[in-house]
Amino acid sequence: AEPGDEIALRYFVLGSGRALEERSHAFRLRAVVPTLGIGADRTLAPDFPGIGDAENCRDWDPGIPIQLDALRDQDEQYWDEHRGAPKAFIALATAHELWANRYGAFTALRIAAGQETDALARLHTVDPGALGLALRGVSAQSTGTSDFGGLFLGLSFFLIVSALLLTALFFAFSVERRASELGVLRVSGFLPGEIARLQLGEAALLAALGSGCGVVLGLGYTRLLLGALESAWSGAVGRTELVFEVRPATLALSFVIALLLALGAVALVLRRALRTRPLALLWGELGAATGGRGRSRARLLWLCLLGALALGCLGGAFFARGSAGGLAFGAGCAALLTGLVAVRHLLARDARPRSLAALGWTNAARRPGRSLTSVALTASAVFLLVVAGASRQGPTPPDAANVSGTGGFEFFGRTSLPVLHDLTSPEGREFYGLTAAELAGVELVPLRVRAGDEASCLNLDQPRNPRLLGVRPALLGGRFRFAQTAHETAESWSLLEEDLGAAPPGEVVPAIVDAISLQWTLHKRLGDDLDLIDARGRPFRARVVATLADSILQGDVLISAARFEALFPDEAGHRAFLIDAPPDKAAGLAARLARVLADEGLVLVPAHERLDLLHGVQNTYLAIFQALGALGLVLGSVGCLALVLRSAIERRGELALLAALGFSKGELRLLFLGEQGGLVWTGLLVGALAGACVVLPRLEPGSLESLKTLAGVLVAVGVSGSLWVWLGALPALRGSLLDALKRE
C-alpha cells in the first residue's frame with residue numbers, strides 16, 4: 001500500500017479462550033509512513049471485499065487465488081530479510097481501543113536489563129502462575145541444539161586420517177629416494193636424533209606452507225558450504241540465519257593442529273627409517289619388511305579382538321534397534337580396523353602364485369606399508385559413502401502403512417484458533433455442517449495443543465518450553481511405529497494412561513516423544529524427565545515412557561488428553577488433527593474441511609509431505625557427508641595413482657627383465673592390475689562391509705532402492721580405480737626397456 005491507502009483487516013473476539021463469540025469485526029488501517037515491504041497486501045485478489053460491515057468480511061472466500069504478479073521487488077526483499085515479521089506498527093493507545101477487553105490489555109511484559117529486581121519485586125505481590133505468566137530470560141533463549149563444529153569435525157574424521165596417510169606416503173617416497181643420504185649422515189657421525197631434527201625442520205617448512213593453504217581453502221570451503229545451506233541445502237537449517245564469522249584464534253588453532261598432525265605423520269616415517277642399519281641405507285634399502293612368528297601372532301590376536309568387538313557391537317545394535325546409532329557406528333569402525341588388520345596379515349603370508357594377477361598380489365607384500373595405506377585410503381572413503389548413501393530417506397509413499405512414520409494418516413492439520421466443538425461427535429459435525437456421507441470411512445483424531453517451542457530438526461535452537469499435544473490413546477491404537485518403550489504392553493499408546501505415582505507439586509506425567517527429537521533436540525533419553533510449567537505456572541515433569549520411530553509428530557511432546565486438560569484447563573478446543581481418509585475422497589475432504597474451518601485458520605498438510613520435509617534435514621547432512629566421502633575418494637585416487645607410478649619407476653628394471661623373458665606388455669599391465677587393482681578392490685570390499693555394519697541394524701524396507709543405487713556407485717568406484725591403475729602403469733612400459741635392463 002501507499003501512504004493514505006486503507007487495508008481491510010478482520011479479527012475475532014475470544015472470551016478467556018473458551019467461547020468464540022459469534023461476531024467478527026472489520027476495521028481500517030491507514031498506512032501513514034511508508035516502510036519497506038508494507039505493500040505485501042497488494043497480492044490480494046482485486047475482488048477482495050471493500051471495507052465495510054462485518055458481513056462482507058465473513059462471506060469472503062479464502063480460496064480466491066493470490067495475484068502473484070502484484071508482488072513487487074521490495075515485497076520479495078522484505079520477505080527474504082524478515083520473513084513473517086510484522087510489516088506495520090500501531091500506537092499502543094490505538095491497540096487498546098481496538099482489542100482491550102475485560103480480560104486485560106497486555107499479553108506480554110518486557111523487562112529492560114538492569115530493572116529485573118524492581119520488576120520481580122512488584123510481581124511477587126501476585127502469583128504469576130495464577131495469571132499464566134512465565135518468566136524467561138531472553139539471553140537464554142537461543143542455544144543451539146547441536147554443535148556444528150563438532151558435527152563437521154566428526155564427519156571429517158576419516159577424511160583427516162586419509163590426508164595424514166597421504167602425507168606420510170609422500171614423505172616416505174622422499175625418504176626412500178634419499179635413503180643413501182641418510183646413510184652418509186649416519187656413518188659421518190650424526191646421531192639419529194640430530195638427523196630427525198634436520199629432516200623435521202625441512203618437512204616443517206612444507207607442512208607450514210600446506211597448513212597455511214589449508215586454512216585459506218578451509219575458509220573458502222566453509223563459505224561455499226554456508227551458501228549451499230542457505231540455498232540448495234536450506235532444508236537443513238529451516239528459517240535459521242547462518243552468519244559467516246572469521247575468528248583469528250580459530251584460524252591460528254587450526255593452523256597449529258594441522259601442522260602438528262602433519263609433523264606427527266612425518267615423525268612416524270622418520271622413526272622407521274632411522275631404525276634401519278646404516279649399511280642398508282647406503283645401499284638405498286629402507287625399512288625392509290621384517291616378519292617373524294611373534295608379529296604374526298600379535299596380528300592374529302588383534303584380529304580376534306577387533307573382530308569380537310565388531311560382532312559384539314553389531315549384535316547389540318540389532319538387539320537395541322531404537323538406540324542402535326552409537327553401537328552400529330562402533331561396529332562399523334571396529335569392522336574397518338578388523339579388515340585392515342586382516343589385509344596386513346594376508347600380505348605377510350607366503351603364497352605360491354598361480355596366475356599373473358596372483359603374482360601381482362604377491363608383489364604387493366614387498367612394501368606392506370604402502371599397500372596397506374592404499375587399502376586404508378579407499379576403505380575410509382567407501383565407508384563414508386556407504387554410511388551416507390544407505391541412510392538417505394527416499395520419498396514417502398502417500399499410502400504408507402499404519403506402522404510407518406505417517407501412522408497411516410492422510411493429513412496432518414493445525415489451526416490458528418481452537419476448534420471448540422468435537423468433530424468426532426455427531427453434535428460437533430452437525431455444528432460445522434459436516435454430513436455422515438462426507439465423513440464415511442474417515443478417521444479423525446483431534447489433538448489438544450499447548451503452544452511452545454518447535455522441538456523437531458527444523459529448529460536449530462534448543463527448545464526451552466517444547467510444544468505439548470494432548471491425545472486420546474485409544475484413537476491411536478495400532479498407529480505409528482515405536483522405537484523404544486519403557487516396558488512391553490499390548491498397546492504402547494496405553495503407556496500414556498499409566499500412573500507414575502507422583503503427586504503435586506512435583507507431578508510426573510507419562511509422555512511419548514519422537515526418538516529423533518528426544519536425542520538430537522531435547523538431548524534426553526528414554527526414562528528421562530522434561531521439566532515443564534503448567535497453566536498456573538507450577539512446575540511438573542513429563543517422563544518419557546516411549547519413543548516414536550521417524551514420525552510426523554517429531555517436534556511435539558505427547559501426553560494423554562485427560563492429563564492435558566488437568567494441567568491446562570484454559571486450553572479450550574482442539575488445534576491439531578490427524579486425518580485418515582480413503583484415497584478417492586481425500587482431496588475433496590481436504591477442500592471441504594479447509595472451507596468449513598476457514599475461520600479457525602485450518603492448514604492441512606499431506607502426511608507424507610510432512611515426513612519428507614523432516615527427512616530433508618537428514619538427507620541434507622548426509623549429502624554433506626557424501627561430499628566428504630567423495631573428497632576422500634579423490635585423495636584415495638591420488639594415493640593409488642602415486643603408488644602405481646612410484647612402483648612402476650622402482651621396478652622398471654624388473655619389468656625389463658620380465659619383458660626379456662617373453663612377457664608381453666599386456667601381461668605386464670595385468671601384473672600391475674593384479675597388484676594395485678587388487679588393493680583397490682580389497683579396500684572397496686573392506687569399506688563396504690564396515691559400512692554395512694552401520695547400516696544393517698537401521699535398514700528399513702524402503703531403503704532397498706537406495707541400496708541398489710549405492711551398489712552401482714561402488715562398482716563404478718572399483719572400475720574407476722582399476723582404470724587409474726591401468727593408466728598409471730603406462731609410463732613404466734614406455735621407452736626402451738633395454739636401457740633399464742642394462743642399469744639393472
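The values are calculated or read from the model by the stated rules, or taken from the named source; none is laboratory data. All figures in this text were calculated on a predicted structure; none of them were measured in a lab. Glycine gets a Cβ as well: all are built from the backbone with ideal geometry, and neighbour counts include every protein chain shown. For the accessible areas, the whole protein counts, side chains as well, though only heavy atoms, and no ligand, DNA or RNA atoms are used. Shrake-Rupley method; radii C 1.70, N 1.55, O 1.52, S 1.80 Å.
Which net charge results when you count Lys and Arg as +1 and Asp and Glu as -1 among the other residues whose beta-carbon is under 12 Å from that of Thr406? Before the final figure, lay out the partial values.
Details: positive: Arg479, Arg481, Arg610; negative: Asp399, Glu410, Asp550, Asp580, Glu609, Asp612.
Summing Lys/Arg as +1 and Asp/Glu as -1 gives -3.
Send over the Kirkwood Rh of region 341-431, from the inverse of the averaged 1/r over different Cα pairs, rounded to one decimal Å. The partial results should precede the final answer.
On the way: mean 1/r = 0.0507 Å⁻¹.
This gives a value of 19.7 Å.
Keeping every protein chain present and rolling a 1.4 Å probe, give me the accessible area per residue for region 558-711 in Å². Mind dumping the intermediate values first?
Working: 6050 Å² over 154 residues.
So region 558-711 comes to 39 Å² accessible per residue, rounded to a whole number.
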Original post:
Does a label point 7 Å from the Cα of Ala627, set along Cα-to-beta-carbon, have any residues of region 207-222 with amide nitrogen under 18 Å, and which are they?
Top reply: 214-222
Original post:
Tell me, what is the FRET efficiency for Ala93 and Phe329 to the nearest 0.05, using R0 = 60 angstrom and their Cβ-Cβ distance as r?
Top reply: 0.50
Original post:
So if R0 is 45 Å, what FRET efficiency would Phe157 and Leu500 give, r being the distance between their Cβ atoms, rounded to the nearest 0.05?
Top reply: 0.65
Original post:
Using the Cβ atoms and a cut-off under 15 Å, what net charge is assigned to the surroundings of Asp528, where Lys and Arg are +1 and Asp and Glu are -1?
Top reply: +1
Subject >> Estimated inter-spin distance, Ala474 and Thr424, nm [label 7 Å along Cα→Cβ] >> reply: 0.8
Subject >> Residue order for Lys665, Lys585, Lys742 - accessible surface, 1.4 angstrom probe, largest first >> reply: Lys742, Lys665, Lys585
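So between Ala100 and Val246, what do we pick up on full extension, going 0.36 nm a residue minus the alpha carbon distance?
Numbers: separation 146, 0.36 × 146 = 52.56 nm, distance 4.81 nm.
Gain on extension, Ala100 to Val246, equals 47.7 nm.
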Subject >> Ellipsoid equivalent to region 162-214 - semi-axes via the Cα gyration tensor, in Å >> reply: 24, 13, 8
Subject >> Probe 1.4 Å, all protein chains present, accessible-area order of Ile516, Ile649, Ile624, Ile90, largest first >> reply: Ile649, Ile90, Ile516, Ile624
Subject >> Solvent exposure of region 387-497 as accessible area per residue, Å², 1.4 Å probe >> reply: 43
**OP:** Tell me the label-point distance for the pair His487, Ser664, using the 7 Å Cα-to-Cβ offset, in nm and rounded to one decimal.
**Re:** 7.6
**OP:** Report the calculated FRET efficiency for Asp73 and Arg349 (r = Cβ-Cβ distance, R0 = 51 Å), to the nearest 0.05.
**Re:** 0.10
Original post:
Roughly how many Å is it from the Cα centre of region 294-309 to that of region 595-614, as a whole number?
Top reply: 57
**OP:** Take Val634, project a point 7 Å from its Cα along the Cβ direction, then tell me which residues of region 200-232 have their backbone nitrogen under 18 Å from it.
**Re:** 210-229
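Dipole magnitude of region 303-452 about its Cα centre, charges +1 at Lys/Arg Cβ and -1 at Asp/Glu Cβ only, in debye to the nearest 20?
Values: 13 positive and 8 negative charges, 329 e Å.
Dipole size: approximately 1580 debye.
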Original post:
Lys/Arg Cβ at +1, Asp/Glu Cβ at -1, dipole of region 352-480 taken about the Cα centre: which of Thr406, Leu468, Gly369 is farthest positive-ward?
Top reply: Gly369
Original post:
What distance in nm separates the simple spin-label points at Glu650 and Arg272, each placed 7 Å from Cα in the Cβ direction?
Top reply: 1.0
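With charges only on Cβ, +1 for K and R and -1 for D and E, what is the dipole size of region 375-508 about its Cα centre, in debye, rounded to 20? Please list the in-between numbers first.
Working: 10 positive and 16 negative charges, 102 e Å.
With only Lys, Arg, Asp and Glu charged at Cβ, the dipole is about 480 debye.
Give me the net charge for the shell around Arg429: Cβ to Cβ below 14 angstrom, other residues only, Lys and Arg +1, Asp and Glu -1.
Values: positive: Arg592; negative: Asp422, Glu427, Glu430, Glu438, Glu443.
Summing Lys and Arg as +1 and Asp and Glu as -1 gives -4.
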Original post:
Taking the Cα centre of each part, how many Å lie between region 454-495 and region 376-424?
Top reply: 15
